[in-house]
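Colleague: Okay, here's the structure, questions in a sec.
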């Protein structure tokens with residue numbers, strides 16, 4: 001008597017949204033995140049050296065106390081603002097994460113809130129305990145979705161950005177990123193909410209996955225494929241902004 005085949009091992013996690021849509025996320029492991037962090041650290045060190053040189057240049061103008069104090073303030077803002085500014089941006093990733101094809105998302109698959117971004121980075125010093133990022137590494141290794149302490153507290157994930165050209169070829173034709181169009185029929189509250197959620201989460205999906213989901217709304221958009229995806233996104237923008 002045969003036994004059921006075991007599913008293949010991978011790092012893909014499927015999350016079912018309230019509207020019944022499945023989102024596929026591929027959390028990034030400690031190695032990819034370590035390389036991304038090393039790139040960001042190199043950028044931070046280079047910026048710190050530049051600030052140090054500038055402070056030396058201004059000592060003769062404003063005095064050593066003011067120059068040193070100003071440098072320390074800028075270093076403080078750089079340390080705490082670097083990750084927050086980039087991760088809260090349109091790409092959801094620091095330069096190091098973008099280089100490694102990673103981005104930060106909420107644990108339900110959508111873009112994280114600014115509060116979540118600030119919280120995950122405020123907890124970052126705890127990940128360094130007791131030394132060398134050991135707490136963060138152990139947390140990544142012993143959690144199913146490779147979450148460090150900051151991710152667990154802020155309910156965020158670092159995932160592979162499937163919009164990366166290396167991962168997915170660009171759709172042809174690409175959806176118009178700014179078009180807005182009202183739906184041709186009256187929609188229920190749940191339907192309007194589902195379309196807006198589709199718009200918000202579409203940047204985290206591959207072109208193929210985005211098209212696959214949009215095809216379910218072909219009766220509303222009137223077409224399948226990239227044309228249907230583009231029109232559904234236009235509906236979402238109109239509903240979001242109306």
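Colleague: From the set of residues in region 199-236 that are touching a residue at least 40 places away in the same chain (Cβ under 8 Å) and touching a helix residue (DSSP H, G or I) at 6+ places or on another chain (Cβ under 6 Å), which is nearest to residue 112 (Cα to Cα)?
Modeller: 199
Colleague: How many residues are closer than 17 Å to residue 238 by Cα, within 21 Å of the chain's Cα centre (by Cα) and surrounded by 18 or more Cβ atoms within 10 Å (Cβ to Cβ) if we restrict to region 200-225?
Modeller: Number satisfying all stated conditions: 2.
Colleague: Quickly run through region 97-146 and pick out the residues that are buried (at least 20 other Cβ atoms within 10 Å of the Cβ), over 28 Å from residue 197 (Cα atoms) and touching a residue at least 60 places away in the same chain (Cβ under 8 Å).
Modeller: Answer for region 97-146, where residues must be buried (at least 20 other Cβ atoms within 10 Å of the Cβ), over 28 Å from residue 197 (Cα atoms) and touching a residue at least 60 places away in the same chain (Cβ under 8 Å): just 140.
Colleague: Where in region 144-242 are the helices (runs of 4 or more DSSP H), entirely inside, with at least 1 residues that are modelled with pLDDT of 85 or more and touching a strand residue (DSSP E or B) at 6+ places or on another chain (Cβ under 7 Å)?
Modeller: Where helices (runs of 4 or more DSSP H) fall fully within region 144-242 and carry at least 1 residues being modelled with pLDDT of 85 or more and touching a strand residue (DSSP E or B) at 6+ places or on another chain (Cβ under 7 Å), they are 149-154.
Colleague: Mind listing just one residue for me: the one in region 14-33 that is in contact with a strand residue (DSSP E or B) (Cβ under 8 Å, 6 or more places away or on another chain) and assigned to a loop (DSSP other than H, G, I, E, B) and, of those, modelled with the lowest pLDDT?
Modeller: Ranking the candidates gives 17 first.
Colleague: Could I ask something else about it? Please return the ranges of helices (runs of 4 or more DSSP H) entirely within region 34-128 where 2 or more residues are at pLDDT 90 or above, touching a strand residue (DSSP E or B) at 6+ places or on another chain (Cβ under 7 Å) and on the phi > 0 side of the Ramachandran plot.
Modeller: Filter on region 34-128 gives an empty set.
The values are calculated or read from the model by the stated rules, or taken from the named source; none is laboratory data. Fair warning: this is a prediction, and the values are worked out from it, not measured in the lab. Methodologically, a virtual Cβ is constructed for each residue, glycine included, from the backbone with ideal geometry; neighbour enumeration extends over all protein chains shown.
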